[in-house]
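Inspection log for the structure reproduced underneath, given as C-alpha cells.
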Amino acid sequence: MKARHICAVLGIAAAAGAVVFTQSLVATNDAQAVAIAERLVKAVPVDADAQTVQLQLDFRPDGRVLQGPPMMAHVATRPGLDGALVTKALFAQRRVKNLPAIGDELTLVGRKGAYRVKLAGYLDWERPVRGYPNMFLPPSAVADIDEEWQDFKPASPEELAPMFLSDSGRNMDRAKPLLLWAAALTALCLLVNTLFLTIESRRMEIATLRILGMTRGGVAKMVVREALALAAVGLALGVGGAIAALYAYVACDAVTFPSGAAIGAKGVMAVVAVAPVVAVFGALFALKPAFAVRPLEAASGREPRKRRLGMIIAFACGFGAFVAVETWGTSLTKPFIPSPEWPDAIVSILPGGVSSFDIEHLRNLKGVKRIGELQPLQVNISPLEELKGFGGGGRGGRAPMKQYRNALLLASAWLPDFKFSQGDRESAEKALAEGDNCVITEMMARARKIGVGDDLVLDAGRGLVISLKVVGVVDLNWHMVTSRALVRGMNRMPVNTDGPVFVSFDTLAACDARPQDFVKMTHVWLDYEPEFLAANGVFPAGRIVEREIVESLGGAWGEDSDGEIHGNTVRLHSRDEIAEGTLAHGSDLVGAMARVPFIFVAVISLGFVAMLVASFESRRREFAVLRAVGATRFQLAKVLVGEALAVALAGIALGLALGAPLGWLCTTGTRAAMANWGLPATFVVPLPTIANGALFSVVFALAVAVPAALTLVRRPIR
C-alpha cells in the first residue's frame, strides 16, 4: 500500500475511532448508573423518616464570592449529630479543592433567612447528585431553620440511577453533531487529498487506459472503487481500534467501571452510515482532475505535477472549524460581559434585607466615592405574554404558576454614567425625578420595538396598569451582574427578564403591590475612590468594603433599627470580577468544543506525509541534480519541510477567511434560539486565541513533515 493510502486509512480510522470511542465511553459511564446508585445508598444512607430542605451554601474559597450558579445544599435530618455532616460532593459541585476544616461555620441561605451551622465531619462521597441529600443536620434543625421542610421520599437504586447519567453524556449529546461533522470533514479532506495524489501519480496509466478504450464511466468507477475501499478499511480499523481501546481502558479501572464496557451503538451506526457518503463525496471531488486526463498524455513522458491544493484545502477545513468555534463562542459571550459603565460593585443583603435607616450607616465607607440603594422589583409587561422555557413554572415543590415576560425595575437615587444611544443623561435624570418615566436598555428597545417618547406599559397586578414614558435608551450589558447579585428572581418571580428599567423610588413604589412596611432594602451599588481601587486592586478592595458594610450593619446576624433580629448574607459582587468569571466560564465551554476540531487538525496533519512523498517523487530528477552538485540530504529535507510549512500557512490563512464568517453565522443562529429577547449581535474574532491555535497547527504540521522529509531524503536518489 502506498504512503498516500496509508495516510488516508489512518486519518479515516482516527476520525471514526474518535466518534466511536467517545460515544462508547459515555455509554459505559451511563451503564454504571445502577451500580453507582447502590454505592451511594450504602455510603450516604438517609433515614426513611428524615425531613429535607434545599438551601444555598454561601461558601467563599480564598475569600472570593463564587461566580456562576449557587452551590446547593440538599439537607436531611439524621439523629445523633452535633453539627453538620456533609459529603465531599457538596463542594465538588464547583470543584472546590481546599475544603473547610472540621469546626468551621457554614452559612446556609433560604427564602426566609440565613443560618449558620458548624461542620462536624465529612462523608466519603465525591460525586454530585442532583436532589439527593449532601448535608445532614440533627432533627432540631427543623425548628432552628425556618424554611419549607418536606418528608424524604426513599428511592431504590434503580430509581436513583437516572441521576447518574453522566454530565459528559449530556455534553456529548450537545457536541455530537460537531464531533460527527468534524470527523466526516477530516475523513473527506484526507480522502480527497489522497485521491488527487493518486490521479496525478497514475496519470500516465489512466491516459493509456483511455487510449485502449476506457470510457469516462470506467474512470469514474475506478475512482469510486478506490474511495470506497479506503473508507471501508479505515472504518473497520477505526471502529475495531476504538472498541479495543475502550475495553483496555475499562479493564485498567475495574473499580470505576464495575458493570464493564458498553459499546455506543449510535456512534457505530453514525460512522457506518457516514463513511460511504464521505467516500462518494470524495470521489465526486476527484472526478474533475480524473476526467481532465487526455489519452494523448500517454506519450508525453512528463513527471507527475506537485499537488498542494488538496492539502491546503484539507488543512484549511480543520483550522477553519477551530476558528469558527472560537468566533462563535467569543461573539456569543461578548454581550454578557458587564459594561464598564455599570458601577464598580453591587452588594446584596439577602434574603431579608434591611431598612432604609440601616442603609444610612453606609454613607461614609472608607474608599467608597458614592453608594446608594438599588431597589429591585419585577413587574409583568402588558399585554401579558406567557413566559416559555426556564423560569416559566413553579419550583421548590410548589404547583406550577403562569409566568409572564417582565421588566426588572431598578430604583436608585442616582443614575450611573451609562452610554446613551437615545436621549442624554442630564435630561433623563431630570425626567425620572419629575414623574413616571423610565430609562431602558437597547436590548429591551429592540425586543419591544420602542424608543424615546414611547410608552412601556406594565401590569402590576390587582387590576393596576401603569404606563411609563421612555426618556432614554442606554447601551448596557447587564445580564451577569443582575444574575450573580441575585437582583432578579426575587418574590417568586422568574429569573428571566426582558431587562432592567431604571426608575425613581416613587415610580417603583407605585408599581409595588406589597405594603411599604414590608419592603426592605436588599441591594446597594457603589463606586470606589480611584486612589483606593488603585492601591488595593479589585479583589482586596471588595473584601475591605464588604467587611465595613457588615460591621456598619451591626453584623449579618445583628439587630436592626427596628429591634428585629434578622439573618442575612452580605455579598459584594465586583463588576470586574463578574466580567472575569464570565470570560473564564465562556473560555471553558468554548475550549471544550474547540478541542474537537483541533484534535482533527492533528489528524489532518497526517496528510503531509502523502503530500511530501508525492512531491519527492515528482522532484526526484531535480533532487538528483542537486545531490550531484553538492547539496546535502539535510538541505533537501529543508526544501520539503519548507514546502509543508508554506502549505500549512496557506491553509491557516484560508481557514481564517472561511472560519470567521462561519462562526458568525452560527452565532446568529444560536442567538435567535435563545430566550434573551433583543440580545445584541456582536461579531468578535479572538485573534490572540486564534494566533495560538495557528502556532500549534504549524507545530502539528512540522511534527509530521520533519520526520517524513528526513526519511525521504535518506532514500537512494537516481
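Quick note: the coordinates plus some simple rules give every number you see, no bench work behind them. Keep in mind it's a predicted model, so treat the numbers as computed, not measured. Note: ideal-geometry Cβ built from the backbone for every residue, glycine included; neighbour counts use all protein chains shown.
Working from label points 7 Å from Cα in the Cα-to-Cβ sense, the residue 665 to residue 681 distance is 1.4 nm. What FRET efficiency, computed as 1/(1 + (r/R0)^6) with R0 = 51 Å and r the Cβ-Cβ distance, is obtained for residue 277 and residue 341, rounded to the nearest 0.05? Computed FRET efficiency for residue 277 and residue 341: 0.50.
Rounded to the nearest 0.05, the FRET efficiency derived from the C-beta distance between residue 535 and residue 413 at R0 = 30 Å is 0.65. Projecting label points 7 angstrom from Cα along Cα→Cβ for residue 696 and residue 127 puts them 2.9 nm apart. Once the convex hull of all Cα atoms in segment 47-153 is built, its volume per residue stands at 102 Å³.
When each of 247, 132 is scored by the number of other beta-carbon atoms lying within 10 Å, the sequence from fewest to most is 247, 132. Spin-label model, residue 617/residue 48: points 7 Å from Cα along the beta carbon direction are separated by 7.7 nm. Look at the dipole of the chain built from charges on Cβ: of 163, 120, 28, the Cα furthest out on the positive end belongs to 28. Subtracting the Cα-Cα distance of residue 626 and residue 247 from their residue separation scaled by 0.36 nm leaves 131.3 nm.
For a straight C-alpha distance cut-off of 20 angstrom, the lysines reachable from residue 288 (same-chain residues fewer than eight places away being disregarded) are 221, 306.
Largest first, the extents of the alpha carbon coordinates of segment 353-566 on the three principal axes equal 47, 44, 31 Å.
For segment 598-655, the Kirkwood estimate of the hydrodynamic radius, built from every pair of different alpha carbons, is 12.6 Å.
Using DSSP, restrict attention to beta bridges with both residues in the chain and report what percent are antiparallel, rounded to the nearest 5. Of those bridges, close to 75 percent are antiparallel. Simple point charges give the picture: +1 on the Cβ of Lys and Arg, -1 on the Cβ of Asp and Glu, and for the chain a dipole about the Cα centre of about 5460 debye.
In the structure shown, the pairs 419/449; 118/520; 112/366; 42/153 are assessed against 21 Å; a Cα-Cα span above that value is assigned to 118/520; 112/366.
For the charge dipole of the chain, defined by +1 on Lys and Arg C-beta atoms and -1 on Asp and Glu C-beta atoms about the Cα centroid, which residue among 292, 263, 532 has the Cα displaced farthest towards the positive pole? The Cα lying farthest towards the positive end belongs to 292. In the chain, the calculated helix contribution to ellipticity at 222 nm averages -16500 deg cm²/dmol per residue, counting -39,500 (n - 2.57) for every DSSP H run with n ≥ 4. Straight-line cross-link reach from residue 97 at under 19 Å between alpha-carbon atoms covers these lysines, not counting any fewer than eight positions away in the same chain: 88. Each of 358, 62 was scored by other Cβ atoms within 10 Å of its Cβ. Listed from fewest to most, they are 62, 358. Arranged from fewest to most other beta-carbon atoms within 10 Å of their beta carbon, 203, 111 become 111, 203. Subtracting the Cα-Cα distance of residue 97 and residue 635 from their residue separation scaled by 0.36 nm leaves 188.4 nm.
Backbone phi angles across segment 191-208, fed through the Karplus curve with coefficients 6.51, -1.76 and 1.60 (θ = phi - 60°), yield HN-Hα couplings of 5, 4, 4, 5, 5, 4, 5, 5, 4, 5, 6, 9, 4, 5, 5, 5, 4, 5 Hz in residue order; Gly and Pro are listed as x.
Farthest towards the positive end of the charge dipole of the chain, among the residues 480, 314, 583, is the Cα of 314, using unit charges on the Cβ of Lys, Arg, Asp and Glu.
Database remark: amide H of residue 409 closer than 5 angstrom to the amide H of 377, 378, 379, 501 (H placed geometrically; neighbours at sequence offset of 5 or more, or on other chains; Pro and chain starts carry no H).
So how much slack lies between residue 151 and residue 111, counting 0.36 nm per residue of separation and subtracting their Cα-Cα distance, in nm?
12.6 nm
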